[in-house]
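Each remark here refers to the structure printed beneath this line.
The values are calculated or read from the model by the stated rules, or taken from the named source; none is laboratory data. In this text the structure is predicted, and so the values were computed from the model without any measurement. As a convention, Cβ positions derive from the backbone with ideal geometry for all residues, glycine included, and neighbour counts pool all protein chains shown. Side chains included, ligands, DNA and RNA excluded: accessible areas come from the protein's heavy atoms. Shrake-Rupley method; radii C 1.70, N 1.55, O 1.52, S 1.80 Å.
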Amino acid sequence: MSYINVLRNGNLYRWNTMTLNALSKKCFQELNLMDFKSHKLIARTSKAISICRNTLSEMRKKVTTSSFKSQAEEIKFFKQYKQIPLSHFLFHKEIQRIEISAPSCNSKNREKYLIAQLDNCDAFCLSHIDFLHYTETNSTYLDAYYYTRTSKNSPPLDISPRFILDKEFSTPMDYTLAKIKSIKLLVPYIKEKLNNLTMQKNFETRPEFKINCEATKTDIVELTYALISSGAIRGDIRELATAFEFLFQMELGDLYRTFIEIRHRSIDRTKFLDELKIALLKRMDDADN
């Protein structure tokens, strides 16, 4: 393993690109352990931002106090290792901004706001369409322009403003690459919020049902599996269960686990269906008499 040795404050300072890779992996692991589905989303994004910022700070100290062994190492750092903390930093900053600034009292305005955020993402990608094509095709012939700090020639695309502000820790396009990566994370997040908003609107405008379901959750799961298994209703069993949840205003929980419990009954494995048959036959008999 080869190291770059630098004399700093009279002491021999040693580091290698594996150290930078380790910082990147550690950051990614810490982010993966966080639950961003929590209702405390803003607090959790703040923690994620702090993790990314600290990682970038540590990386900057190492990069600016030494030099890379080769151009290939420098490219790998700015194109790969730095991208994890930087792209996630940008992603979580955007989540925090959207959560704080999105309209909360009017669902129509909130929907317009979220659509505008998607338009902004599209606009950024379109403004860097050549670079986006370069990255999507896994090209490397311009990497020396895009991902090194000492290129003697001007890059063929507009350089990032971050490169002008911090040339010791930025390259002409490493920020732009991170921004594109953050957008790829952000778009599904925004689309999920739009989908949830649509579901909420549908729920708010649903017809009023005067139905009280006296059956248990297990009973409804038994009925759900029976309808799908018989072919009486064709489709995904989860979708039918969701329809029943909407109709009866109840949560059915883990369908498969409940189905296993039904299968393991020692007697009356189709207890609810048998009760339905008996009840229907009795009603017919009563109507005949």
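Structure above, values below:
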quantity	calculated
Qualifying residue in region 102-117 (condition: modelled with pLDDT under 95, assigned to a helix (DSSP H, G or I), open to solvent by 60 Å² or more (accessible area, probe 1.4 Å) and under 22 Å from D174 (Cα atoms))	no
Unmet requirement for E192, which otherwise passes all of (1) surrounded by 13 or more Cβ atoms within 10 Å (Cβ to Cβ); (2) under 30 Å from L90 (Cα atoms)	(1)
Test: residue in region 126-147 that is among the hydroxyl-bearing types (S, T, Y), more than 26 Å from M18 (Cα to Cα) and open to solvent by 30 Å² or more (accessible area, probe 1.4 Å)	yes
Any hit, region 68-80, residues being small (G, A, S), assigned to a helix (DSSP H, G or I), open to solvent by 50 Å² or more (accessible area, probe 1.4 Å) and over 26 Å from T148 (Cα atoms)	no
Options L86, L90: the member that is farther than 16 Å from Q29 by Cβ and in contact with a Ser or Thr (Cβ under 6 Å, 6 or more places away or on another chain)	L90
Within region 233-253, considering residues that are of a type in the set (D, E) and more than 15 Å from T216 (Cβ to Cβ), the one least open to solvent (accessible area, probe 1.4 Å)	D236
Helices (runs of 4 or more DSSP H) within region 204-289 that include 3 or more residues among the aliphatic types (A, V, I, L, M) and either touching a strand residue (DSSP E or B) at 6+ places or on another chain (Cβ under 8 Å) or free of Cβ contacts under 8 Å to residues at least 24 places away in the same chain (or both)	237-248, 271-288
Any hit, region 95-106, residues being within 17 Å of I190 (Cβ to Cβ), in contact (Cβ under 8 Å) with a residue 40 or more places away in the chain, in contact with a Ser or Thr (Cβ under 6 Å, 6 or more places away or on another chain) and β-branched (V, I, T)	yes
Count of region 1-48 residues which are modelled with pLDDT under 75, within 30 Å of Y189 (Cα to Cα) and open to solvent by less than 100 Å² (accessible area, probe 1.4 Å)	3
Test for L186: is it at pLDDT 90 or above and loosely packed, with under 11 Cβ neighbours inside 10 Å	no
Single match in T224, T270, T258, T218 (criterion: over 30 Å from Q117 (Cβ atoms), over 35 Å from the mean Cα position of the chain (by Cα) and surrounded by 14 or more Cβ atoms within 10 Å (Cβ to Cβ))	T270
